[in-house]
Amino acid sequence: MVTCPGCALLCDDIEVVVENNRIKETRNTCRRGAARMKGCVNRLAPSVAQKPDDIENAIKKAAAILQNAKSPMLFGWSNSTCEAQLEGIQLAKKMSAIMDDTSSFCQGLLIERILQKKFRTCTLDDIRNKADVLVYWGSDAQDSQPRHLSRFSYFPRGELRQRGYEEDRIAIAIDVRESNTAKICKGHFYRIPPKGDREFILALMDALSGKVPAYEPKKMLELAAILKKAEFGAIFVGLGLTYSIKDDFDILIPLADKLPNFNIMPMVGHYNMRGFNEALFKETGFVNRVKFDGKAIHDSRYSIVEALRKSIDALLVVGSDPLSSLPRSVIPHLANIPVICIDPCVTLTSKIAAVTIPCAVSGVETGGSTVRMDGKRVELSKCIESNYLNDKEILARLMEAL
Amino acid sequence: MGIDVGKYLKSPEYEIKITTYRDIFQAEALECDRFGAEYMKHSACLVMSKNDMVKMGLKTGNRVKLANNYGSVVVEVRESKRDEPGGIAFMVNSPWSNALVSDETGGKGIPEFKNITARISLVKDEATTLESLMGSFRK
């Protein structure tokens, strides 16, 4: 059995069939996990100034770029092992660099509060064994973490939930769109307008307090009744909810306080985003957006989006594709600074990078530690041999070259 | 042969709200080949309710231009297989949807990935390719 690096569920029940040092077949994976483990068609090659080069030169050139930069930024990290993340933090400290990861525009707001213990939380194993009411809020797990319902939440026969979804569990979806997850939550789908989550939360808090809510009173009272009866509930917070209440995120705290039997779970996409958040939090007290300058300074101007627009003069990207995942309007800023890209595959970002450095695929060609979406540490295995350096080794060499 | 008058007439333009979502088939295609046809098929696409499509005179397979102050893309329209009430259309999160997202975040660092307003109009152009989205940023 090996662990899948496809998403932050880090499913550890995967079987792989290896033939001629390639993964020919995977068993128990979802579509995304299988595709990740079988590998991309376009492997990245080392290059300098858009011309093929050897890896030693690429690392040397990358070090020179970082050394010459007055305000370098190190970004990515959610698809790197914990070991590489720690190396990256040391590199950022050494260079007095800005450091951010994809949680900056993903689930960072929630993970920070979970690590600060502002919410009750639990493990996915607790959910499998005990949970009777599951709320997917702005989260389409069926498409983003496809084995969430089958391994951990709705369908398994957990210790205290032997009758599974047929009798022992209720799944609820609150979403703008009738997602594939909402389809499963038959009869318990609450459709809200875009940006309607705040109003929904306020109405639900009224209903939980015995007041008649101003918004959809009948449905809200019905939902409140279900939630109040829960013995062990979980609210799975997806990006739909996080983005909708990003300007007033702490509104979730009084709601959680009104639901003492519920736990809050961040629905994380990238397999080790939480690992990075925990490592940086341990080092600095913040989960993302820091500048190392003697001490760690945390500010939203050190978020990737704001930093790209304003303050950085070199960017190291590790295991991420900001050109693909950020607004296109921010991208011209990338064209004005040297970009160094460390990735197993050709990405949009690698296509404009001044230096590209290929690395091994974690969980396939190299092992390492990771942190699941619920905070449990999970080890990745090495399934096949590879000549590629892993990202920790590349970062260590960069550190040496500096 | 008659003159195709239609090609000289500008298609009506409507305002549309778009939210983004994730799709496992697109995620699979991304892992395999983000420059491939399969990834584009799942990404360069706008899913609309039947009501909105009728109102705007659109059919599945039509191509539409989506434009706002931040960018524009041409994507294919598909009718939602869900019972959508309308008033909002859907795109899988991708460089195509991100072309319509502002980098202005009010200093907060989180763009409005899921809250897009754009003008929509029927066009005959081909869907925007990743190459052309990238084009102007190549060094």
Highest to lowest packing among A:184-193, A:25-34, A:75-84, scored as the average C-beta count within 10 Å
A:75-84, A:25-34, A:184-193
log₁₀ I(q)/I(0) of the stretch A:83-148 at q = 0.18, 0.20 Å⁻¹, via Debye over equal Cα point scatterers, no solvent, to two decimals?
-0.96, -1.06
What lysines sit close enough to A:LYS130 to cross-link, taking a C-alpha to C-alpha distance under 24 Å and skipping anything fewer than 8 places away on the same chain?
A:LYS117, A:LYS118, A:LYS183, A:LYS186, A:LYS228, A:LYS229, A:LYS258, A:LYS376
I'd like the orientation of helix A:217-229 relative to chain A: the angle between its Cα long axis and the longest Cα principal axis, in ° from 0 to 90, rounded to 10.
80
Distance violations [Cα-Cα > 22 Å] among A:LYS195/A:LYS246; A:LYS94/A:LYS282; A:LYS60/A:LYS351; A:LYS219/B:LYS114; A:LYS51/A:LYS351:
A:LYS219/B:LYS114
Looking at the stretch A:108-266 from every direction and averaging, what is the projected area of its Cα convex hull in nm²?
8.3
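Stokes-Einstein D for chain A at 20 °C, 1.002 mPa s, Kirkwood Rh over Cα pairs, in µm²/s?
Numbers: Rh = 22.1 Å.
Roughly 97 µm²/s, to the nearest whole number.
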Its Cα gyration tensor gives the stretch B:19-131 an equivalent ellipsoid whose semi-axes in whole Å, largest first, are 20, 18, 14
For the stretch A:71-143 versus the stretch A:1-44, the gap between their alpha-carbon centres in whole angstrom
22
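What does the charge add up to near A:SER244, with Lys and Arg as +1, Asp and Glu as -1, over the other residues with Cβ less than 11 Å from its Cβ? Mind dumping the intermediate values first?
Details: positive: A:LYS195, A:ARG198, A:LYS246, B:LYS114; negative: A:ASP175, A:ASP197, A:GLU199, A:ASP247, A:ASP248, B:GLU112.
Value of the local net charge: -2.
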Tilt, helix A:55-68 to longest principal axis of chain A (alpha-carbon atoms), in degrees rounded to tens, equals 80
When the helix-only estimate is applied to chain A (DSSP H runs of n ≥ 4, each -39,500 (n - 2.57), divided by the residue count), what is the mean residue ellipticity at 222 nm, nearest 500 deg cm²/dmol?
-9500 deg cm²/dmol
Which of B:PRO111, A:LEU9, B:TYR14, positive extreme of dipole for the protein assembly as shown (C-beta unit charges)
B:TYR14
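Every number here is computed from the coordinates shown, using simple stated rules; none is lab data. Keep in mind that this is a model prediction, so the values were computed, not measured. All Cβ positions, even for glycine, are placed from backbone atoms using ideal geometry, and neighbour counts span all protein chains on display.
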